[in-house]
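Structure record follows, encoded as structure tokens.
The values are calculated or read from the model by the stated rules, or taken from the named source; none is laboratory data. This one's a predicted model, so the numbers in the text were calculated from it and none came from an experiment. Please note: Cβ atoms are built from the backbone with ideal geometry, for glycine as well, and neighbour counts cover all protein chains shown. The accessibility values were calculated without ligands, DNA or RNA, using every heavy atom of the protein model including side chains. Shrake-Rupley method; radii C 1.70, N 1.55, O 1.52, S 1.80 Å.
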Amino acid sequence: MSWLTAEEALAELGTKPQTLYANVSRGRIRAKADPTDPRRSLYRESDVKRLAERHAGRRKSETVAAEAIRWGDPVLTSSISTIAAGRLLYRGQDAAELSAHATLEETALLLWNAESFACVPASAPGPASPSIQAALLALAGRVSADLPSLGRARPALQMEACSVLSTVADALAPGSADHPLHHRLAACWGRPEAADCLKRALVMLADHELNASAFAVRVTVSTGAALSAAVLSGLATLTGPLHGSAWRSVDALAKAASGAGAEHAIRHLLLRGGKPVAFGHPLYPDGDVRAGVLLSSFDVPPVFRDVQMAGEEMVGEKVNVDFALTAMTAAFDLPEEAPIIIFALARTAGWLAHATEQIESGHLIRPRARYVGPSPGER
């Protein structure tokens, strides 16, 4: 049987003396008096090594978990969508190809793995014009009345998913339930010529793997909350400037470029230490495929084309979907909030797919925090 000095044990464990003594008091490490110096202790080597290996494994898993939650490795399984080799796939089908012929309703069926879609007519007249505020209020109004998702079978959940999507659609694209959502959106904005481009945008934005809003939806519904509550969580998350409201920064850059020129506007932003959010996406090192699909479907306004050309050269990355949505808004003279309205209407279909998949997994999403605050002995 081998024994280690305190210095040797601490080097093996990589901890503070207090931690070593705590492990001894808890019986995890056996200790005895040093025969050569009764004032000192020796620690059983096998206990120390076992605990060191356990801590090393824990540190490794903590590191993996911390990195995974920031554009890292996958943290849960899903069969809904993925980004592979620069392509966005919905249940194995190329979203870019789907956008050429499918509607958002048809894409929702694919994402939900369902056979029929029933757009529920509005129970009350929709708002005079689409707005995120109206959608948030409409969903909030349902939460307390809707049934929890827990314990309900797929057919019931799919019917409710149609109803929740209809609630969001009535707030963001008021119109007859008999008309496709891209036509409803174009009609309420008085831009029928934008209908086909809106259709492609809705399909391309319907889902995007485990993004921030999809994760918020899954966390919410994993508690058994109603589908409307889960979508409300997703929509609230989408409003952040690093997610669905990134268009505001793109719009500000375009306005600056229209006055001072694209190169000057981008240079000024870079000199202030900022990175234009219009460029690059961590999951698309060769360029955001969604931006490519959208920008090929309309005539890009000159100022946006200038920003694209100057920015791609100066930043070194291609424009992303936030740029494309903002450019499309300018090209068709859509309302200022159009990018996030399009985003929210489209992504509701994906959120409901994630909610259903999470419910069927039967798991509560409850991560652990790695505590780095003071211990009682350090106060």
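General observations
- Each peptide in 287-295, 329-337, 249-257, 189-197 was scored by the mean count of other Cβ atoms within 10 Å over its residues; highest first, the order is 287-295, 249-257, 329-337, 189-197.
- Among Leu198, Leu13, Leu185, residue whose mean-square fluctuation peaks in a GNM of the chain (springs only between Cα atoms under 10 Å): Leu13
- With all protein chains in place and ligands, DNA and RNA left out, the 1.4 Å accessible area ranks Met159, Met314 as Met159, Met314, largest first.
- Over the chain, dividing the summed -39,500 (n - 2.57) contributions of all DSSP H runs of at least 4 residues by the number of residues returns a 222 nm mean residue ellipticity of -17000 deg cm²/dmol.
- Length gained on full extension, Gln133 to Ala156, computed as 0.36 nm times the residue gap minus the Cα-Cα distance: 5.5 nm.
- The chain: most fluctuating residue of Ala187, Ala260, Ala33 per GNM, C-alpha cutoff 10 Å: Ala33
- GNM result for the chain, Cα springs below 10 Å: residue of Ala206, Ala369, Ala262 fluctuating most strongly: Ala369
- Over the range 162-273 - Rg/Rh using Cα atoms and the Kirkwood inverse-distance radius: 1.07
- Exposure of His264 as accessible area (Å², to 10), given a probe of 1.4 Å and all protein chains: 110
- Every Cα-Cα pair in the chain was counted, and those over 25 Å apart are 62% of them.
- On the chain, 54 percent of the accessible area sits on carbon and sulfur atoms, based on a 1.4 Å probe.
- Both the radius of gyration and Dmax for the range 226-379 are 19.5, 66 Å, in that order, over alpha-carbon atoms.
- Cross-link reach list, lysines versus Lys49, counting only Cα pairs under 26 Å and skipping chain neighbours closer than eight places: Lys16, Lys32, Lys60
- Solvent exposure of Ile83, expressed as accessible area, is near 30 Å², computed with a probe of 1.4 Å over the protein chains only.
- Averaged over its residues, the chain has an accessible area of 50 Å² per residue, based on protein heavy atoms and a 1.4 Å probe.
- Principal-axis tilt of helix 212-222 within the chain, Cα atoms, nearest 10 degrees: 70
- Tilt relative to the chain, helix 262-271 - C-alpha long axis, 0 to 90 degrees, to 10: 20
- Cross-link partners of Lys255 among lysines, defined as those whose alpha carbon lies under 20 angstrom from its own and excluding same-chain residues fewer than eight positions apart: Lys275, Lys318.
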